[in-house]
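Engineer: Sharing a structure here in structure tokens format.
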Amino acid sequence: MGLTASVATARALPGAAPRPYWPGRAEAAVGLPGTGLLGAHGGSQPVPIASLAKIMTAYVVLSDHPLSAGGAGPAITVTAADAAAYASDQRQGQSVVRVTPGEKLTERQALEAMLIPSGNNIASWLARWDAGSEGAFVARMNTWARRFGLHGTRYADASGADQVTVSTASDQFRLTVAALQIPAFRQIVALPQVTLPVAGVAYNVNAALGHDGIVGVKTGSSSRAGGCLAFAALRTVAGSQVTIVGVVLGVQATLAQPSELGGVISATGNLLGSIGGDLEHVQVVKPGAVLGSVSSAWTSGPAAVAATGVAVTAWPGTPVTITVTPRPLGHAIRRGQRVAQATVTVGSQVSHIALDASQAAPAPSIGWLLTRL
């Protein structure tokens, strides 16, 4: 017996695909953690990303020194050299967080100081603590970038102050999705403010937080990078929360909007507003759906039906591919016997479901065999 696929292998979720409000000449990418990118805009030319580099810094630190969801982690002592680096960065006009020799911050507090008020000096301090030197740490950042397949990304420092630290919107989308899988990272970037031992109360420089359902992630800005924002925004679809992830890079200041950060936050609001209401929960494959049929020379075979269903939350127009892989079959088939596996791909989300025989199929009779001798 053999199995023949009897469905179209490529299609799309029903409905008209949304039309994102892309940010002019800036780069952008937006999508869902499960199904991947909805789309990207502005090409794939690597551009400076400023403090978005701290997403990778946080990822590497948390990979090397994992924190539980509520854990503080080890205490890290500020040295005289660390305090001198703070003073030097401050004189250069960088974004810094005040530290003093002998001050102790837990790993979580240090990550908060880097991600919330966006301390460049804290990024370099964490890099030295993690790897012994910032150079060694940056090498680890680039190793992780290669592991993730971020081909347009190169890190030259831990903070993003160096304009040679570059990436693309699509690369930063992929990294942000990965970072959001870490509970400690997800908790920290959602904080509106933190209290630090010496610096005191520090506010999140991400003014988009709390608007349009945004629960993070990180801003960045410089004269070369323009305004940059990696964001996560919550939407409720069919009673469940869904996270939209996006990145906007390189929004330049204008006479109408002289702030790069204000410009990128406005662009993000426009982008979210154009797509955030279009998500749908769709049953791509229903339990019992016929996805193939078993055939033989001596009888009409049973259908191959889905043992379970596949449902996704995605945008209309998202590509869907279904492929059926048969299993080796004998001369007879029992009802409910596993006859194949279907691979259902929606965007970049892959599901595997078993296909079972809808009814029994007998082995060939002796009479049928004798007539073929």
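Engineer: Just subtract the alpha-carbon distance of ARG338 and VAL201 from 0.36 nm times their residue separation and send over the number in nm, one decimal. Show your work: numbers first, answer last.
Structural biologist: Values: separation 137, 0.36 × 137 = 49.32 nm, distance 6.07 nm.
Gain in length upon complete extension: 43.2 nm.
Engineer: Oh, and also: Go through LYS54, LYS286 and list them by solvent-accessible area, largest first, probe radius 1.4 Å.
Structural biologist: These residues rank, largest area first, as LYS286, LYS54.
Engineer: Also: Assuming a ≥ b ≥ c are the square roots of the Cα gyration tensor eigenvalues, decide whether the stretch 68-192 counts as rounded (a/c under 1.5), prolate (otherwise, with a/b larger than b/c) or oblate.
Structural biologist: Taking the square roots of the gyration eigenvalues as a ≥ b ≥ c, the stretch 68-192 is oblate.
Engineer: Cα convex hull of the stretch 225-362: mean projected area in nm², to one decimal?
Structural biologist: Values: hull surface 44.3 nm².
Taking the Cα atoms of the stretch 225-362, their convex hull projects to 11.1 nm² on average.
Engineer: Once Lys and Arg get +1 and Asp and Glu get -1 on their Cβ, which of GLY250, GLY227, ALA184 lies farthest toward the positive end of the dipole of the chain?
Structural biologist: Selected residue: ALA184.
Engineer: Can you list, bin by bin at 10 Å, the percent of alpha carbon pairs in the stretch 32-96, starting at 0?
Structural biologist: Taking all Cα pairs of the stretch 32-96, the binned fractions are 14, 26, 36, 18, 7 percent.
Engineer: Can you give the local net charge around PRO316? Use residues other than it whose beta-carbon is closer than 9 angstrom to its beta-carbon, Lys and Arg +1, Asp and Glu -1.
Structural biologist: Around PRO316, the surrounding residues sum to -2.
Engineer: Still on this structure, I have one more. What accessible area, in Å² to the nearest ten, does a 1.4 Å probe give for VAL237?
Structural biologist: Per-residue accessible area (VAL237): approximately 20 Å².
Engineer: Net charge near LEU37, counting Lys/Arg +1 and Asp/Glu -1 over other residues with Cβ under 12 Å of its Cβ? Don't skip to the end; give the middle numbers.
Structural biologist: Details: positive: ARG174; negative: ASP171.
That works out to 0.
Engineer: Quick one: which residues, 5+ away or cross-chain, put their amide H under 5 Å from the amide H of ALA340? H built at 1.01 Å from N.
Structural biologist: When sequence neighbours closer than 5 places are left aside, the close amide H contacts are ARG327, LEU355.
Engineer: Calculate the dipole size of the chain relative to its Cα centre from +1 charges on Lys and Arg beta carbons and -1 charges on Asp and Glu beta carbons; express the result in debye to the nearest 20.
Structural biologist: Charge dipole of the chain: 1100 debye, to the nearest 20.
Engineer: Rank these residues by their accessible area, most exposed first, probe 1.4 Å: THR143, THR165.
Structural biologist: Largest accessible area first, the list is THR143, THR165.
Engineer: Projected onto the charge dipole of the chain (+1 at Lys/Arg Cβ, -1 at Asp/Glu Cβ, origin at the Cα centre), which of GLY288, GLY239, ALA28 gives the Cα projection farthest towards the positive end?
Structural biologist: Checked the options; the winner is GLY288.
Engineer: Can you give me the Cα centroid spacing of the stretch 119-173 and the stretch 286-338 in angstrom?
Structural biologist: Each part's Cα centre sits 46 Å from the other's.
Engineer: Sum up the charges of everything whose Cβ sits under 14 Å from the Cβ of SER63, counting Lys and Arg as +1 and Asp and Glu as -1, but leave SER63 out.
Structural biologist: Spelling it out: positives minus negatives among the neighbours equals -1.
Engineer: Under 1.5 on a/c is rounded, so check that first for the stretch 123-187, then, if it is not, pick prolate when a/b is larger than b/c and oblate when it is not; a ≥ b ≥ c are the square roots of the alpha carbon gyration tensor eigenvalues.
Structural biologist: Since a/c reaches 1.5 but b/c is at least a/b, the shape of the stretch 123-187 is classed as oblate.
Engineer: Nearest 0.05, what FRET efficiency do SER88 and GLN187 give at R0 = 22 Å with Cβ-Cβ as r?
Structural biologist: Efficiency at R0 = 22 Å is approximately 0.10.
Engineer: With axes computed from alpha carbons, what is the tilt in degrees of helix 134-147 against the longest principal axis of the chain, rounded to the nearest 10 within 0 to 90?
Structural biologist: 20 degrees
Engineer: Just to confirm, what accessible area per residue do you get for the chain at 1.4 Å probe, in whole Å²?
Structural biologist: 43 Å²
Engineer: About its Cα centre, what dipole magnitude does the stretch 1-140 give when the only charges are +1 on Lys and Arg Cβ and -1 on Asp and Glu Cβ, stated in debye to the nearest 20?
Structural biologist: It works out to roughly 420 debye.
Engineer: Need one number for the chain: average projected area of the convex hull over its C-alpha atoms, nm².
Structural biologist: Spelled out: convex hull of the Cα atoms, projected over all directions, averaged, 23.0 nm².
Engineer: Please work out whether the stretch 74-127 counts as rounded, prolate or oblate from its C-alpha gyration tensor, where a ≥ b ≥ c are the square roots of the eigenvalues and a/c under 1.5 means rounded, while otherwise a/b larger than b/c means prolate and anything else oblate?
Structural biologist: oblate
Engineer: Still on this model: Can you list the residues, at least 5 places off or on another chain, whose amide H is less than 5 Å from the amide H of VAL217, using H built in the peptide plane?
Structural biologist: Sorted by chain and number, the residues that satisfy this are ALA230, PHE231, ALA232.
Engineer: Would you work out the charge dipole size for the stretch 86-154 about its Cα centre, treating the Cβ of every Lys and Arg as +1 and the Cβ of every Asp and Glu as -1, and quote it to the nearest 20 debye?
Structural biologist: For the stretch 86-154, the charge dipole is close to 220 debye.
Engineer: Cross-link candidates for LYS286: which aspartates and glutamates have Cα within less than 20 Å, leaving aside residues fewer than 8 places away along the same chain?
Structural biologist: Counting by Cα, and skipping residues close in sequence, LYS286 has these aspartates and glutamates nearby: ASP356.
Engineer: Same structure, new question: For the chain, which whole percent of the accessible surface, found with a 1.4 angstrom probe, sits on carbon and sulfur atoms?
Structural biologist: For the chain, the apolar C and S fraction of the accessible surface comes to 53 percent.
The values are calculated or read from the model by the stated rules, or taken from the named source; none is laboratory data. Since the structure is predicted, the reported quantities are computational estimates derived from the model, not experimental observations. Here the Cβ is made from the backbone with ideal geometry for all residues, glycine too, and neighbour counts use every protein chain on show. These area figures cover heavy atoms from the full protein model, side chains too; ligands, DNA and RNA do not enter into them. Shrake-Rupley method; radii C 1.70, N 1.55, O 1.52, S 1.80 Å.
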